[in-house]
Amino acid sequence: MKSNSRNNIHLSDVAKMKRPPAFTTMVKPVGATCNLDCSYCYYRDKAEIYSAPQNRMTDDVLEEYVRQYLEAVNLPTVTFCWHGGEPLLAGIDFYRKAVELQQRYAAGRQIENTLQTNGTLVNDEWCDFFSENNFLVGVSLDGPEEVHDAYRRDCGGAPTFGKVMQAVEKMHNRKVEYNILATVNSRSEGRGKEIYRFLRGISNFIQFLPVVVYVQLREGRRPLIVSPDVEGATPAPWSVSARGFGEFMCDVFDEWIKCDVGSRFVQLFDITLANWCGVPPSLCAFCETCGDAPVVEYNGDVYSCDHFVYPEYRLGNILSSTLVEMYTSQEQQAFGRDKREALPMECKRCTYNFLCRGECPKHRFATSQRGEPYMNTLCEGYKLFFRHTDPYMRHMKMLLQKERPPMEVMHWARERNKTI
């Protein structure tokens, strides 16, 4: 995704450049290494970038990362995001060391840790560590057993649903704070209400992540997941269709709006309401620009984004450059502006642009009606969702303006649906 953004700098961009750095990092302590072989995993192929046998972050790189990140981010609360691959493969002593280093360099600031796991390695010892150190754990769970196990299997082809559910039970019993990340893939289509009803019984916080993957087929090898810059890629069979994703989220919303507002939190709904109210959304995909969440690989390499870990998006290495230098570089700032500048005119003129902002550049494989590239593949689905939720979002915005809780929308929604 490239544009002429180096020449199109807005006042908001200038203001951002003048502010003290405020960014997050997603750190990969074991790179792409994982004990699962999920069909749709966009990160597993990154292992091919590195040929070295060492794929665990060393103590020296860990300390340099923690020190640089805390020096770079001038905020009262600093959040560390541990990701993978499967980050638990780094071992519990690695995270004990990380917590120790965080306290050493925190300079009185509050530290928060989030960690995304497939859940299959979680045991009592991990639960005690998470609970004692206030980790927020994201667990990947796609839905009921037949949905989850369709694409989330281990390296031997065995299903993983049972292990994930055991992990959830252990975390619940030991009071670990956790939420659910569920992909919306081809097996999810048409099952929005069923999947939501299942997941809402497991966690009050759910993130639905659409799977839109394009691949290059390779004989005798796993298909290679490629970036939007690669020509000739084909949709993977596990990808969700645009309309299927929109209908899925509408079905989930119809359940949520009648009985769960204020008690269950679905990330897309929170983000949409934030944009309706003019509040910066919590997810970069729905911001006007991006580039505020670079990735730190296990060897200290830094890339523009978790979804753009390709050689052309490598910014440098923390052992030879600082995170601040890489974050404020022309390359990274241009990458962030490209999200806005590469949008087709059809998107810029769209009624829902203020809600969508073109969504994530990783999904921009389509072409606009005028033949412009970088149209979001999920456009039809998002339009369906934004149109469907429009009256409810307006009502919740009105409630907030009157300093009333958004949960009051539930009675209004139930009465409204009686007359539709």
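For the pair D390 and R416 in one chain, pulling the backbone fully straight at 0.36 nm per residue adds 8.0 nm over the alpha carbon distance. The accessible surface of region 35-97, taken with every protein chain in place and a 1.4 Å probe, is 48 percent carbon and sulfur. By the Stokes-Einstein formula, at 0.890 mPa s and 25 °C, region 236-389 with its Kirkwood radius over alpha-carbon pairs has D equal to 144 µm²/s. Taking the DSSP bridge list for region 100-179 and keeping only pairs wholly inside it, about 10 percent are antiparallel. Were the residues from E145 through M407 laid out at 0.36 nm apart, the gain over their Cα-Cα distance would be 91.2 nm. Of the solvent-accessible surface of region 258-369, computed with a 1.4 Å probe over protein heavy atoms with every protein chain present, carbon and sulfur atoms account for 52 percent. Residue-wise HN-Hα couplings along region 105-117, as the Karplus relation 6.51 cos²θ - 1.76 cosθ + 1.60 with θ = phi - 60° gives them from phi, are 9, 5, 6, x, 7, 7, 10, 10, 10, 10, 9, 9, 9 Hz; Gly and Pro carry x. Modelled this way, with points 7 Å down the Cα-to-C-beta line, the labels at L399 and K193 are 2.2 nm from one another.
Looking at the chain, the accessible area is 45 square angstrom per residue; that uses a 1.4 Å probe and ignores ligands, DNA and RNA. Spatial offset of region 352-411 relative to region 93-133 amounts to 35 Å, using the alpha carbon center of each.
The antiparallel fraction among DSSP beta bridges confined to the chain stands at about 30%.
Shown here: Cα extents along the principal axes in Å, derived from the displayed model; of the candidates [x] 77, 48, 38; [y] 64, 54, 54; [z] 105, 52, 42, it corresponds to [y]. The modelled label-to-label distance between E325 and R67, using points 7 Å beyond Cα along the C-beta direction, is 1.5 nm.
Sorting the segments 409-416, 62-69 by their mean number of nearby beta carbons within 10 angstrom, highest to lowest, gives 62-69, 409-416. Couplings for region 57-73, taken from phi via the Karplus curve 6.51 cos²θ - 1.76 cosθ + 1.60 with θ = phi - 60°, read 4, 6, 4, 5, 5, 4, 5, 5, 5, 4, 4, 5, 5, 5, 6, 7, 9 Hz in order; Gly and Pro are left as x. Each part reduced to its alpha carbon centroid, region 272-317 and region 186-203 end up 27 Å apart.
Using a cut-off of 31 Å between Cα atoms, the listed pairs K383/K418; K46/K175; K28/K348; K193/K362 include K46/K175; K28/K348 as exceeding that distance. From helices alone, the chain scores -11500 deg cm²/dmol at 222 nm; the rule is -39500 (n - 2.57) for each run of n ≥ 4 DSSP H residues, then divide by the residue total.
Under the simplified labelling scheme, the F265-T367 pair shows an inter-label distance of 4.3 nm, with each label point 7 Å from Cα along Cα→Cβ.
Looking at region 56-195 only, what percent of DSSP beta bridges run antiparallel? Nearest 5 please.
Of the beta bridges lying entirely in region 56-195, close to 5 percent run antiparallel.
For region 134-140, putting each phi into the Karplus relation 6.51 cos²θ - 1.76 cosθ + 1.60 with θ = phi - 60° gives couplings of 6, 6, 9, 9, x, 10, 7 Hz, in residue order, rounded to whole numbers and with x for Gly and Pro.
The values are calculated or read from the model by the stated rules, or taken from the named source; none is laboratory data. Note that the structure is a prediction, hence the values are computed from the model and not measured. All Cβ positions, even for glycine, are placed from backbone atoms using ideal geometry, and neighbour counts span all protein chains on display. Each accessible area value is taken on the protein alone, full model and side chains, heavy atoms only, with ligands, DNA and RNA left out. Shrake-Rupley method; radii C 1.70, N 1.55, O 1.52, S 1.80 Å.
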